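Asks: One structure coming up, written as structure tokens, with questions to follow.
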Amino acid sequence: MTRSFSKSTAASALFLIALVWLLLAARADAFIYYTTGNDIGRASINGTGGDNNFITGANAPCGLAVDAKYVYWANQGDGTIGRANLDGTGVNQSLITGGAGSCGISTPPNSNGELFWANPDDGTIGTGFNDGTGVIQNIVGPPNTHGPQMTATDGLYVYWTNRGNMTISRAQAPLGTNPEVLAGPPAVQGLAGLAVNASNIFWTEENLNNIGQASIDGSNPNGAFSHTGPATPCGLALDSTYIYWGTQGGSVGRALLNGGSPFEAFAPVNAYGCPSGVGVNADTAAGTVSPSALNFGGILVAGGTAALDVTVSNSESTSLNLDIQAAGLSGPNASQYSVTGGTCPGLGTSLAPGASCTLQVTLDPTSLGGKFATLDIPSNNPSGALHVPMVGTGTDPAESISPGSIAFAPRLLNTQSTPQTVTLTNGASASAPDNVSQASIVGAGAGQFAIVSDGCSNTSVAVGASCQMSVRYSPTATGPVSASLTIPSDDPSSPATVALSGTGTVPDESVLPNSLAFSPQPVASSSPTQKLTVANTADGTGALMIGTVAKTGAGAGAFDVVFDSCSGVSVAPGDSCELGVRFAPSAPGPAAAALQIPANDPGGPVSAALSGVGTTVSVPTAAKCKKKKHSKKHKKKCAKKHTKRHK
């Protein structure tokens with residue numbers, strides 16, 4: 001047979017499809033950003049996980065703004081505008097320079113790239129683009145400004161606070177034309193923060209610890225729209241559901257857009273002082289899927305099936321539920337895939353922030369070749385439905401491995417067996433090369449086996465060809481052990497496995513008796529021979545390999561090994577060998593030595609202690625052989641006899 005789609009091509013195509021979906025679905029999770037000391041902090045949109053040093057190195061930051069890509073801040077200390085990516089990378093502390101005590105940066109909700117800020121030191125309003133170009137530091141100035149501090153913009157107008165006379169003004173964006181005053185005392189008192197949406201203006205009332213509100217044209221001002229709590233409010237920000245503000249004492253508060261349910265310490269971030277700048281990126285459900293793509297590999301046609309799981313999650317960084325609907329399948333081979341189970345019940349599933357559920361998908365190919373489809377999961381994810389590209393390959397079996405098992409002979413601990421060869425073959429009937437991945441040894445005893453040579457891993461085995469690898473056994477523990485050599489590939493029968501087994505053995509050396517004590521023996525004479533038995537006890541599980549037996553110690557010369565059936569001998573479990581030793585002192589007095597019997601017992605060599613005492617005895621010829629009644633010849637014979645006896 002001939003495959004119409006190779007395995008490697010299918011995998012490459014899956015990668016490209018997954019990459020496209022990831023790019024389409026990319027979004028930033030929602031966070032609260034705030035100024036603290038000379039840093040920019042960040043917390044999750046649910047008020048947890050505050051990081052006061054998320055971005056460092058600002059210069060007295062005063063005001064903060066966020067769009068879909070960046071966080072911006074005004075550096076009042078040196079009159080610059082800083083910018084960084086939402087994840088804190090790409091920090092540029094001087095994106096825009098030339099301001100006069102810059103403060104109160106703002107950008108439209110759906111940013112068109114415009115930025116606005118106040119220059120309190122010279123009473124002007126500045127503007128520029130978010131790439132640092134198009135900077136004009138004075139689109140509005142006195143007499144239309146009175147100590148401007150904070151700005152806000154809806155894209156049509158730029159709004160600013162006048163701390164000099166406690167008013168809020170606006171001018172047409174982007175060039176500050178037609179400036180006008182919108183609201184002033186007594187509704188506006190102690191301006192510290194400013195924010196706008198399509199319908200209303202909001203400001204912080206630091207003198208009354210309130211949030212004020214007016215219509216977008218400045219009408220119907222209400223300085224007590226929402227009470228922020230006993231602490232002074234500072235910077236202000238909005239999303240589609242909530243008002244957020246910085247609180248004196250280092251936290252971020254939150255209330256509903258209608259002013260209800262105010263919570264002064266919603267995010268207890270312990271920021272330095274009162275955050276003059278607060279910003280949020282849009283809070284939306286944040287659906288993700290894992291894995292981002294499914295690869296079913298090769299599956300036998302007509303009879304082979306495979307099931308994989310996809311996990312659908314809603315990020316902890318959001319405060320909104322992810323509402324998912326019944327999953328569907330699309331693509332050229334969708335009919336060969338099925339959604340067969342999982343914990344996502346389908347239409348109406350709602351995942352709270354941080355929650356997840358699973359979908360199980362099955363592939364049952366009906367023909368050879370690559371099978372492509374997409375799992376579609378409709379939801380309120382901001383980028384639309386979640387998608388999981390899928391690929392598999394309908395294939396026929398071809399791979400074989402020989403031998404299917406290797407039983408290594410019992411081996412002594414810490415010794416190595418002869419390597420055994422394994423052959424992997426891609427059969428002549430195969431329809432494509434067999435792409436082999438990294439082989440490994442797995443199982444309880446994996447550490448006692450090793451791949452010695454490997455001609456298979458990460459190779460492509462042509463149709464009808466083979467590759468080889470070898471494995472050895474090096475026991476580190478006694479007793480039987482098993483493991484498996486696993487060789488994964490894109491063959492439908494993958495992985496190929498070889499069962500490995502072996503038994504670690506160890507000898508158990510003993511010597512009886514473990515000491516020989518000889519009776520006192522006259523000098524220049526020899527004792528009767530005593531016997532030692534060296535055994536490999538029944539507890540031994542391997543051969544006892546005995547080295548050369550040797551005498552050691554100061555008195556070694558006083559003892560003789562008369563016979564030795566042990567040196568260089570292999571003793572099986574339960575068997576033994578013998579040694580014979582005698583005492584032949586050459587000097588009077590005690591003598592001590594040891595007989596060392598080296599072997600491969602992991603407990604170390606054994607030894608037998610040897611001891612004896614040499615004695616001196618006088619020849620009694622004067623008493624018995626010199627009597628007068630004996631003849632001269634008899635006396636000489638008698639003396640010779642006694643002398644020989646006592647040698």
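The values are calculated or read from the model by the stated rules, or taken from the named source; none is laboratory data. From a predicted model like this one, the values you see are computed outputs, not experimental measurements. Positions of Cβ are backbone-derived with ideal geometry, glycine not excepted, and every protein chain shown enters the neighbour counts. Note: accessible area is taken over every heavy atom of the protein model, side chains too, but ligands, DNA and RNA are not part of it. Shrake-Rupley method; radii C 1.70, N 1.55, O 1.52, S 1.80 Å.
Asks: β-branched (Val, Ile, Thr), at pLDDT 90 or above and more than 21 Å from Gly155 (Cα to Cα): which single residue out of Thr284, Thr228, Thr204, Thr305 fits that description?
Replies: After ruling out the rest, the residue left standing is Thr204.
Asks: For the condition at pLDDT below 95 and closer than 15 Å to Leu532 by Cβ, what is the one hit in Pro602, Pro573, Pro598?
Replies: After ruling out the rest, the residue left standing is Pro598.
Asks: Kindly indicate the residue of the stretch 334-385 that is out of contact with any strand residue (DSSP E or B) (no Cβ under 8 Å at 6 or more places or on another chain) and closer than 27 Å to Asn281 by Cβ and also surrounded by the fewest Cβ atoms within 10 Å (Cβ to Cβ) among those meeting that condition.
Replies: The selected residue is Gly384.
Asks: Does any residue in the stretch 233-247 that is on the phi < 0 side of the Ramachandran plot come within less than 6 Å, Cβ to Cβ, of a residue that is polar (S, T, N, Q) and surrounded by fewer than 24 Cβ atoms within 10 Å (Cβ to Cβ) six or more places away or on a different chain, and which pairs are these?
Replies: Leu238/Asn197
Asks: Could you check the stretch 201-218 and list, in sequence order, the residues that are over 13 Å from Arg170 (Cβ atoms) and either out of contact with any Pro (no Cβ under 8 Å at 6 or more places or on another chain) or buried (at least 23 other Cβ atoms within 10 Å of the Cβ) (or both)?
Replies: Correct list: Phe202, Thr204, Glu205, Asn207, Leu208, Asn210, Ile211, Gly212, Gln213.
Asks: Assigned to a strand (DSSP E or B) and surrounded by fewer than 17 Cβ atoms within 10 Å (Cβ to Cβ) - does that describe any residue in the stretch 244-255?
Replies: No, the stretch 244-255 contains no residue that is assigned to a strand (DSSP E or B) and surrounded by fewer than 17 Cβ atoms within 10 Å (Cβ to Cβ).
Asks: Then there is this: Consider the stretch 507-557. How many of its residues are modelled with pLDDT of 90 or more and assigned to a loop (DSSP other than H, G, I, E, B)?
Replies: Qualifying residue count for the region: 18.
Asks: OK, next. Can you tell me which residue is farthest from Phe372 (Cα to Cα) among those in the stretch 289-302 that are at pLDDT 90 or above and open to solvent by 60 Å² or more (accessible area, probe 1.4 Å)?
Replies: Ser290
Asks: If Gln360 satisfies all but one of (1) outside any loop (DSSP other than H, G, I, E, B); (2) touching a residue at least 60 places away in the same chain (Cβ under 8 Å), what's the number of the condition it fails?
Replies: (2)
Asks: So Gly557 passes all but one of these: (1) farther than 16 Å from Val511 by Cβ; (2) touching a residue at least 40 places away in the same chain (Cβ under 8 Å). Which condition number does it fail?
Replies: Unmet condition: (2).
Asks: Here's something else I'd like to know. Could you tell me which residue of the stretch 67-83 is modelled with the highest pLDDT, considering only residues that are of a type in the set (Ser, Thr, Tyr) and under 34 Å from the mean Cα position of the chain (by Cα)?
Replies: Tyr72
Asks: Quick check on this structure: which one of Val471, Val452 is outside any loop (DSSP other than H, G, I, E, B), out of contact with any helix residue (DSSP H, G or I) (no Cβ under 9 Å at 6 or more places or on another chain) and crowded, with 21+ Cβ neighbours inside 10 Å?
Replies: Answer to the check: Val471.
Asks: Looking only at residues in the stretch 479-506 that are part of a loop (DSSP other than H, G, I, E, B) and touching a Ser or Thr at 6+ places or on another chain (Cβ under 6 Å), which one is most open to solvent (accessible area, probe 1.4 Å)?
Replies: So in the stretch 479-506, the residues part of a loop (DSSP other than H, G, I, E, B) come out as 488, 490-495, 506.
Filter once more, keeping what is touching a Ser or Thr at 6+ places or on another chain (Cβ under 6 Å): 488, 492, 495, 506.
Numbers: Pro488: 38, Pro492: 29, Pro495: 63, Val506: 30 Å².
The qualifying residue most open to solvent (accessible area, probe 1.4 Å) is Pro495.
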